[in-house]
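Asker: The structure under discussion is supplied below as C-alpha cells; questions concerning it will follow.
The values are calculated or read from the model by the stated rules, or taken from the named source; none is laboratory data. Just so we're clear, the structure is a prediction, and the values are computed from it rather than from any experiment. Methodologically, a virtual Cβ is constructed for each residue, glycine included, from the backbone with ideal geometry; neighbour enumeration extends over all protein chains shown. Areas reflect the complete protein model, heavy atoms only, side chains present, ligands, DNA and RNA absent. Shrake-Rupley method; radii C 1.70, N 1.55, O 1.52, S 1.80 Å.
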Amino acid sequence: MRHLTKAALLIAALGLAACNNPDRYGQGGAGGAGGTGGYGAGGVGTTGLGDPNDPKSLAYFQQRVGDRVLFAVDQHTLSPDGRSVLSGQAQWLNANPHYAIIVEGHADEQGTREYNLALGARRAAAAQDYLISQGISPARLRTISYGKERPIEVCSTEACYSQNRRAVTVLSVGAGG
C-alpha cells in the first residue's frame with residue numbers, strides 16, 4: 001500500500017509538471033503568451049535562445065533587434081523609436097519566415113482593468129499593423145492583451161509605469177508561412 005501511495009504522488013507530480021511546459025511557444029522558457037510572466041522573447045532569460053551573435057537566433061532577435069516597443073501614458077500611437085524597433089523586427093521576420101508572431105499588449109497599473117485591457121489591445125494592434133505594413137503576412141500574426149496583469153516592474157513610480165506600457169513581439173518556432 002505504501003508503494004501505491006508513493007506511485008500516486010509521483011504520478012500527480014509528473015502531471016503537474018507536464019502542465020508547466022516552458023517551451024510550448026518555442027522560446028526555451030523565456031516567457032511570452034501563456035509562459036512565465038508574459039515578458040516576451042527576452043523577459044526572463046536567454047537559456048535555449050541561441051547565440052546572440054547568430055542573426056537567425058532568438059537571442060539575436062531579443063538582444064540586437066529588440067522585442068518590445070514602449071508607449072506614452074494612455075497612448076497607442078507608435079513613437080519614432082517604436083517604429084524603428086518594429087522596422088528591425090520586420091526585416092528579421094522577413095529573413096526568418098518560419099516564425100509566427102504573437103504581439104502582446106500591456107499597460108501600467110493605473111486605471112481600471114477593463115480600460116487597460118482595451119489599451120493593451122490597441123497597443124498590440126498598432127504594432128501588428130506596422131509589421132503588416134512592412135510586409136509581414138497577417139497569417140503569421142496574432143495579438144493578445146494582458147492590460148495591467150503582467151507588469152515587468154512593480155512599483156508606483158513613472159520609471160516602473162513606463163516599462164509596463166509596452167507591446168512585446170513573441171516568436172513562435174515552426175509556425176510561419
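Asker: Quick check: with the 1.4 Å probe, what order do ILE102, ILE152 take by accessible area, largest first? Numbers along the way, then the final one.
Answerer: On the way: ILE102 10, ILE152 50 Å².
Largest to smallest exposure gives the sequence ILE152, ILE102.
Asker: Across all directions of projection, what mean area in square nanometres is found for the Cα convex hull of the range 51-137?
Answerer: On the way: hull surface 23.3 nm².
Computed as one quarter of the Cα hull surface, the answer is 5.8 nm².
Asker: At 0.36 nm per residue, and after removing the present C-alpha to C-alpha distance, how many nm does the segment from SER137 to ASN53 gain when stretched out fully? Present the calculation step by step, with values, prior to reporting the outcome.
Answerer: On the way: separation 84, 0.36 × 84 = 30.24 nm, distance 2.64 nm.
Extra length from SER137 to ASN53 when fully extended: 27.6 nm.
Asker: The range 117-177: Rg/Rh from Cα coordinates, Kirkwood Rh? Each step should come with its number before you reach the end.
Answerer: Values: Rg = 13.5 Å, Rh = 12.9 Å.
That ratio is 1.04, to two decimals.
Asker: Going toward the positive end of the dipole of the range 53-133, with +1 on Lys and Arg Cβ and -1 on Asp and Glu Cβ, which of ALA125, THR112, SER87 do you reach last?
Answerer: SER87
Asker: Roughly how much of THR157 is accessible, in Å² to the nearest 10, using a 1.4 Å probe?
Answerer: We get 70 Å² for THR157.
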